[in-house]
Amino acid sequence: MKGVKILGFGHYCPENIVSNVDLEEIVETTDEWIIKRTGIKERRISTGEGTVDLAYKAALNALENSKCSKDDIDLIIVATTSPDKLMPSTACSIQGLLDCKNAAAFDISAACSGFVYSLIVASSLIKTTGKKKALVIGSEVLSKIVDWSDRSTCVLFGDGAGAAILEISENDDCIISTCFAADGNLGEKSLVAAELKINTPFISDNLEEKRYIEMKGGEVFKFAVSVLPEIVRELLEKSNEDINDIKFIVPHQANLRIIDEAARRLKINKEKFYVNVDRYGNTSAASIPIALSELFEKGLINKGDKIILAAFGGGLTWAGALIKF
Ligand code: UT7
C-alpha cells in the first residue's frame, strides 16, 4: 500500500509587528474592539518582503527541520491568494530559488483552505505519479491586497508563510481521512479580492480595477461557525475515530470567536484547539502550516499523536484532514 508521511514543518513571518494600538493611528478602531471581536492582539506586516521571499524562508526552515536535501524535492505546491506575480507562479519561483532540478511546481488558489487543499493534492500525486518528496507551502503577503482605509478588514489580516515536507511511504499513510469542498455562489457574494477588469482598446468603458479584499464579515462568520464543526465530525466519522483520541484540532486562524463557538457546538474543551491568531491575525493559506510548525517547535506533538486540520475561507472553500504522526 502506498501512502505518505510528513517529515517536518517550518515557518517564517516578517519581523515587523503591528499592534492593535498601532492600527488606532490608521483607522477608527480600538485595541479593545479588536481583541473582543476577534482575539487578535498583533500581526506581522511585511516592510518589503514578498510572497516568494516568505515562502522561500519557510521552505528552508522546513527542509532543515526535516533533515531533507532540496535536491530530493520533486514536487512543489504553493497555496496563496496573494502571489507577487500572476506568472511565473510562486511555486515556480521557489523551484528556481531552491534549484530543485527535478521538481514540478504549481500554485493552488483556495484562499484560507489552500494549504489543506495542497496537502490533499500533494499526497494524491505522491501516491499516483511516482513523485517521492513534496514541498507544500502556504504563503501570504495579504497586506498587499488589504484596504488600509477599511477598518472592518484591515485589522484582521497578517503576513506569513508555513511549509511541510511530505515523503512517499511504502507501507503506511499518515493522512487517515480528508474532506474538501466549495460553494462558489456564496463566495462571490461574501468574500472577494483583487478583481481584474478587461481594459483593452476594444471596449469603450474604462473599468476601475478592484484591488482589495472586500468581505461581508457576518456572512463569512455564520458560514465558518457551521462548517468548522462539520469538518471535524465528517473526518471523525470517515476514519472511525473518537474526538477524545484527537490531541489537537488545528483550525484556520481567522477569529477566536469562531474557534470558541466551534468548540461549544462540538461540546469539547476549547484547549483542544491550537490557537495563535492573537499573535499573527488571519494569514489565510499560511495560518495552518504556521500553527503546525509551532506545535512541533514546542515539542507538543509526539509519534502516534492524531490531529485534525480544519480550514475554511474565500471561494468559499473548506477542507480538513485527520493526520496520525
Ligand atoms: O479567512 C477568511 C474568513 N474570514 C473570516 O472568518 C471572518 C469572519 N467574520 C468575522 O470574523 C467577523 O464578522 C468580523 C470580525 C469581521 C466582524 O465582527 P462582527 O462582530 O461581525 O462585527 P460587525 O461587522 O457586525 O460590526 C459591528 C460594529 C459595526 O458598527 P455598527 O454598525 O454596529 O455601528 C462596525 O462598523 O463594529 C463596527 N466595526 C468596528 N469598530 C471598531 C467594524 N470593524 C471595526 C473596527 N473597530 N475595526
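Here, each number is a calculation from the coordinates, and none is a lab measurement. These numbers were taken from a predicted model, which means no experiment stands behind them. Positions of Cβ are backbone-derived with ideal geometry, glycine not excepted, and every protein chain shown enters the neighbour counts.
The order of TYR117, TYR274, going from fewest to most other C-beta atoms within 10 Å of their C-beta, is TYR274, TYR117. Projected onto its three principal axes, the C-alpha set of segment 3-173 covers 55, 31, 26 Å, listed from the longest axis down. Across the chain, C-alpha contacts under 8 Å between residues 6 or more apart give a mean separation that, scaled by the residue count, equals a relative contact order of 26 percent. May I ask for the distance between the Cα centers of segment 11-46 and segment 108-182, given as a whole number of Å? Taking the Cα centre of segment 108-182 as reference, the centre of segment 11-46 is 24 Å away. When only alpha carbons are used to place a centre, segment 49-90 and segment 259-312 end up 22 Å from one another. In the chain, which longest range has no GluC sites (Glu not before Pro) that are both DSSP loop (not H, G, I, E or B) and surrounded by at most 14 other Cβ atoms within 10 Å? That gives 29-169 as the longest site-free run. Working note: 222 nm ellipticity from helices only, DSSP H runs with n ≥ 4, each -39,500 (n - 2.57), summed and divided by the residues of the chain, gives -10500 deg cm²/dmol to the nearest 500. Its residue count N fixes a reference of 2.2 N^0.38 Å for segment 176-324, and the Cα radius of gyration divided by that reference is 1.22. Cβ crowding within 10 Å, taken as a proxy for footprinting-reagent exposure, orders THR200, THR81 from fewest neighbours to most as THR200, THR81. When the alpha carbon coordinates of the chain are projected onto the principal axes, the ranges are 57, 50, 37 Å, largest first.
For the chain, DSSP calls about 70 percent of its internal beta bridges antiparallel.
Sorting SER113, SER118, SER46, SER82 by the number of Cβ atoms found within 10 Å of their own Cβ, with the fewest placed first, yields SER46, SER82, SER118, SER113.
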